[in-house]
Amino acid sequence: MPTHYRLEMPAPETHLFHITIAVPDAPAPTTDLILPSWLPGWYIIADNARHVQDFAALDADGHPLPWSKIDKARWRMVNGGRGFEVRYQVYANHLAVFASHLDDSHALFNPVDVFMYVDGAKDQPCLLTITPPPGRGWWVTLPLDPDEADNTFYAPDYHTLADSPGEVGTHRVLPFEVDGLPHRLALYGHGNEDADGLVANLARIVATARDVCG
């Protein structure tokens with residue numbers, strides 16, 4: 001069964017993402033969860049874990065589990081060889097391509113900022129369910145395949161999830177194609193941008209990357 005991630009933002013003005021991770025299979029007596037200190041394409045050592053707060057672990061019946069933080073980005077659950085769930089919050093107030101940002105106008109998340117992975121299980125499939133704040137008419141855009149449930153998406157492994165940033169809000173979505181394959185540009189905010197020019201330039205960038213990388 002996939003590891004199921006849930007991302008909620010009930011009060012965006014607090015800049016706090018609420019994350020739940022349900023780990024269905026954990027046969028070892030203890031299990032480590034790690035928040036990356038890296039970001040795809042950004043060659044620095046990051047301290048993403050400094051934004052984590054209110055961490056808690058529960059067994060399948062909802063009872064608290066013992067846990068400890070054994071280094072700056074690793075949490076160890078005493079799960080007794082059974083599945084478990086963790087819950088925590090992430091403070092997100094940095095509007096940049098290498099970070100995450102949440103306020104009353106939108107949400108931008110980089111998965112490695114907010115989603116821990118099970119040590120030794122990065123190759124396992126993942127589900128991600130995103131719940132926009134109620135009553136705001138926000139929608140979700142990210143480069144993952146939708147699952148059957150509303151606002152739930154599938155990733156074949158954590159590597160794919162980590163490389164799938166998302167935008168949630170009232171952003172514009174501009175579609176385009178390269179070699180018949182669909183792409184989307186999500187634009188947050190309004191400025192003096194030339195949207196058609198951005199799409200044309202992105203299409204050329206994608207085509208060039210295809211020529212270089214295959």
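The values are calculated or read from the model by the stated rules, or taken from the named source; none is laboratory data. None of these values were measured; they are calculated from a predicted model. Methodologically, a virtual Cβ is constructed for each residue, glycine included, from the backbone with ideal geometry; neighbour enumeration extends over all protein chains shown. Side chains included, ligands, DNA and RNA excluded: accessible areas come from the protein's heavy atoms. Shrake-Rupley method; radii C 1.70, N 1.55, O 1.52, S 1.80 Å.
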Q. Taking the Cα atoms of region 64-137 alone, what are Rg (to one decimal) and Dmax (as a whole number) in Å?
A. 15.1, 42
Q. Between region 79-113 and region 4-60, how many Å separate their Cα centres?
A. 6
Q | Linear extension gain, Trp38 paired with Ala209, 0.36 nm per residue minus alpha-carbon span | A | 59.3 nm
Q. In a GNM of the chain with a 10 Å cut-off on Cα contacts, which of Val178, Val52, Val199 has the highest mean-square fluctuation?
A. Val178
Q | Nitroxide proxy distance, nm - points 7 Å out along Cα→Cβ at Leu202 and Asp150 | A | 2.6
Q: Find which of Val52, Val199, Thr170 sits farthest along the positive direction of the dipole of the chain, computed with +1 on the beta-carbon of Lys and Arg, -1 on that of Asp and Glu, about the Cα centre.
A: Val52
Q: Between Tyr158, Tyr43, Tyr88, find the one with the highest GNM mean-square fluctuation for the chain; connect C-alpha pairs within less than 10 Å.
A: Tyr43
Q | Cα gyration tensor category, rounded, prolate or oblate, for region 1-46 with a/c compared to 1.5 | A | oblate
Q: Tell me which label goes with the value of percent of Cα pairs over 22 Å apart computed from the coordinates here: (i) 51; (ii) 54; (iii) 69.
A: (ii)
Q. What does the charge dipole of region 80-184 about its Cα centre add up to, to the nearest 20 debye, if the Cβ of each Lys and Arg holds +1 and the Cβ of each Asp and Glu holds -1?
A. 300
Q. Looking only at Phe55, Phe109, Phe176, which one moves most when the chain is put into a Gaussian network model with springs between Cα atoms under 10 Å?
A. Phe176
(Q) Less than 18 Å from a label point 7 Å out along the Cα-to-Cβ axis of Phe55: which backbone N atoms in region 12-35 qualify, by residue? (A) 17-23, 29-35
Q.
Could you report region 45-173's accessible area per residue, 1.4 Å probe, as an integer in Å²?
A. 48
Q: Using a 1.4 angstrom probe on heavy atoms only, work out the carbon and sulfur share of the accessible area of region 14-71 in %.
A: 59
